[in-house]
1. Could you give the angle, 0 to 90 degrees to the nearest 10, between helix 281-293's Cα long axis and the longest principal axis of the Cα atoms of the chain?
2. How big is D for the chain, in µm² s⁻¹ as a whole number, if Stokes-Einstein is applied with the Kirkwood radius of its Cα pairs at 10 °C and 1.306 mPa s?
3. Taking the Cα atoms of the stretch 141-227 alone, what are Rg (to one decimal) and Dmax (as a whole number) in Å?
4. Any idea what angle helix 80-92 forms with the longest principal axis of the chain, computed on alpha-carbon atoms, 0 to 90 degrees, nearest 10?
5. Indicate, rounded to the nearest 5 percent, the antiparallel portion of the DSSP beta bridges found entirely in the stretch 4-310.
6. Using only Cα atoms and rounding to the nearest 10 degrees, what angle (0 to 90) does helix 107-127 make with the longest principal axis of the chain?
């Protein structure tokens with residue numbers, strides 16, 4: 001039986017699923033960021049300046065019962081002046097062609113290095129450039145600078161979420177107060193720094209994915225999250241039921257974030273890159289979460305093989 005928390009969060013997801021469009025606030029902030037980037041090349045305005053403005057200024061939202069946080073805030077209402085500006089911007093901003101989602105990001109790098117570790121990696125690449133002797137390095141330098149801008153914006157957004165969690169904690173009673181304080185602690189660690197726990201690793205995945213506003217798949221979570229799960233279980237700070245609750249909290253955010261009628265999720269089972277079968281405790285917990293979520297999202301695929309030693313039990 002799902003916990004009281006999961007029942008409440010599922011009801012919220014049913015009553016308040018993500019609409020067809022991004023939140024009004026995110027659309028307005030994107031348009032505002034686009035306007036502020038006037039004079040820059042269109043790719044920089046669209047891919048970096050406008051998106052960074054969204055992340056930096058979006059209003060955090062955390063509902064009661066949530067343990068995994070981070071989603072669009074559909075509750076922010078625009079002023080008449082802002083709505084008028086957005087309507088005009090919708091007609092003037094060129095639309096991007098093609099698609100930039102339908103892929104799995106490198107979540108293993110995110111949770112093991114953190115965005116600060118990725119930043120150091122990018123700075124190392126920049127130090128190896130010579131834009132005077134090799135003009136082709138100019139494009140590389142621009143790309144790296146854009147990446148650094150987006151990393152800064154993502155970290156600012158997470159800092160704002162941490163501050164919001166602390167603000168809510170000041171007004172909450174126990175045990176919700178302790179939960180909100182833990183959420184804030186998690187957000188001070190991830191995604192900027194490597195995750196220390198299974199809980200933090202799941203939170204980092206959510207914080208990187210939801211503001212991208214696309215169908216980004218969570219990859220193979222029963223592989224890249226397994227070391228954190230195993231370490232927490234061995235340390236006695238996590239058991240199967242708590243892990244299942246965290247997984248289901250993570251899964252229920254999909255319906256609050258992704259518009260209906262699309263396809264997004266992740267895969268479990270199958271084989272690891274070295275060919276060994278993947279059939280572990282997390283594989284089964286992610287499959288069990290389907291029965292508690294009971295919604296169209298996320299789509300959870302089970303990879304199978306004819307090899308009898310790789311079957312899920």
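1. The answer is roughly 80 degrees.
2. The diffusion coefficient I find is 76 µm²/s.
3. 14.7, 50
4. The helix 80-92 is inclined about 80 degrees to the chain.
5. 10 percent
6. Orientation of helix 107-127: about 30 degrees from the principal axis.
Readers should treat all values here as calculations from the given coordinates under stated rules, not as data from a laboratory. Predicted model only: the values in this text are computed from it and were never measured.
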